[in-house]
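Q: Following this message is one structure expressed as structure tokens.
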Amino acid sequence: MRTRQVWIVGKYGFFKKNFLVTLCFSVLILISGWATEVQSADKTYVLKGITSFERNNIANKPIPDFINMVEKESKGKLKIKWLGGPEVMPMFDQPEALRSGMIDMVLYLSTSYYKSILKPADAKGLSELTAPEERKTGAFALWKEVFRKDCNAKLLGFWGTSIQMQFFSIDRISSLDDFKGKTLRCMPLYTNFVKSLGASPVVMPPPEIYTALQRKVVDGFMWPCMGVTPFGWHELVNYILFPMVFRGEASVAVNLDKFQSLPKDLQDILTHSMEKMENVGNKMHLEIAEEEREIMKKKGVQEVHLSQEEAERFKQLSQDATWPEIFERSPEYGPKFKELSRRELLKSDS
């Protein structure tokens, strides 16, 4: 009988010992899990971004403020590392690099340069509205949709949409007839418009424009009314033509897979920060444009204004020459963008 009692005691002692081991093991798992959660909460996420222009280009002026805002709002949990510009990757290669995930983020790139993968890309430059205004009409929501589908990217917003484009030329252009026979540097957005004016469009990277003007390879170029003087182009042209047409359309986007890998709170900080910075950036760019205009005047660059009748034809031609190709390339989205980017929509809401 004593032997059996010993066995029973031993049995329950064995049970007690294993129970304690199991309990300790479970506690260790819980502690380990808690430590992992703490480590995850403290994790710093980094997005590596590039721009179409070199870092010191004046068009990039709002970018440091945007980067600082994101880091401040996230309490340092989300950082944007600005790698540089075309010296890191040529601007024409940046859209595909964003789509494939080779780069995390594009901090400044004209939407028109996405044309190879984004069918309605040129519609952005034809908008009558600024980026904050497009958020009200639904145009921005549509842009987010096409960036997601065609570019595998989360669109955050646009820079410089208060800025418009104009021609800068060596010889005086005072009427539409004066365009005939000219060779003009342009970007994909302007090519059909330049052709419709009777001129020959030449697409080339911005760093090549100075030499092209020097050697008279081109007679002029079309460019936003901001960002000319840093390249020194104003030293080689003599005239600026008015009115302005088209609209600034530099996009800010994150690779979709990278964006979705961020915690929800950091995703929100990224999107809301860019929405705030659109207005700030627009103000900066308009101030820069005014400063540059004064610099060019002092340099002797003359402003030429088309007659009222020709100015209206000029503006209408910029639209009529560009929309048909957009409709052809994107019959689903082209007409929608044209409808949602009209100024009349804002008037009807007021």
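Q: Hey, can you tell me all the residues within region 234-274 that are surrounded by fewer than 21 Cβ atoms within 10 Å (Cβ to Cβ) and of a type in the set (D, E, K, R)?
A: Hits for region 234-274 are Glu235, Asp257, Lys258, Lys264, Asp265, Asp268.
Q: Does any residue of region 138-149 turn out to be closer than 28 Å to Val218 by Cβ, modelled with pLDDT of 95 or more and either of a type outside the set (Gly, Ala, Ser) or in contact with a His (Cβ under 6 Å, 6 or more places away or on another chain) (or both)?
A: no
Q: Mind listing whichever residues of region 57-83 are closer than 19 Å to Val106 by Cβ and of a type in the set (D, E, K, R)?
A: Restricting attention to region 57-83, the residues satisfying the condition of being closer than 19 Å to Val106 by Cβ are 57-71, 78-83.
Passing the criteria: Lys61, Asp65, Glu71, Lys79, Lys81.
Q: Looking at Ser330, Ser318, which is the one that is buried (at least 16 other Cβ atoms within 10 Å of the Cβ), in contact (Cβ under 8 Å) with a residue 60 or more places away in the chain and within 21 Å of Pro224 (Cα to Cα)? Give the derivation first.
A: Numbers: Ser330 fails: within 21 Å of Pro224 (Cα to Cα).
Result of the check over Ser330, Ser318: Ser318.
Q: Give, as residue ranges, the helices (runs of 4 or more DSSP H) completely inside region 1-101 that count at least 3 residues that are at pLDDT below 95. Even if it seems obvious, please write down each step before you answer.
A: Details: elements: 2-41, 63-73, 94-100.
In region 1-101, the matching helices (runs of 4 or more DSSP H) lie at 2-41.
Q: Same structure again: Give the residues of region 287-312 that are within 30 Å of the chain's Cα centre (by Cα) and surrounded by 15 or more Cβ atoms within 10 Å (Cβ to Cβ), sorted by residue number.
A: Matches in region 287-312: Ile288, Ala289, Glu292, Arg293, Met296, Ala311.
Q: Looking at (1) at positive phi; (2) touching a residue at least 60 places away in the same chain (Cβ under 8 Å); (3) in contact with a Lys or Arg (Cβ under 8 Å, 6 or more places away or on another chain), find the lone condition where Leu176 falls short.
A: Among (1) at positive phi; (2) touching a residue at least 60 places away in the same chain (Cβ under 8 Å); (3) in contact with a Lys or Arg (Cβ under 8 Å, 6 or more places away or on another chain), the lone unmet condition for Leu176 is (1).
The values are calculated or read from the model by the stated rules, or taken from the named source; none is laboratory data. Since this is a predicted model, take the numbers as computed values, not measurements. Using ideal geometry, Cβ is built from the backbone for each residue, glycine included, and neighbour counts are taken over all protein chains shown.
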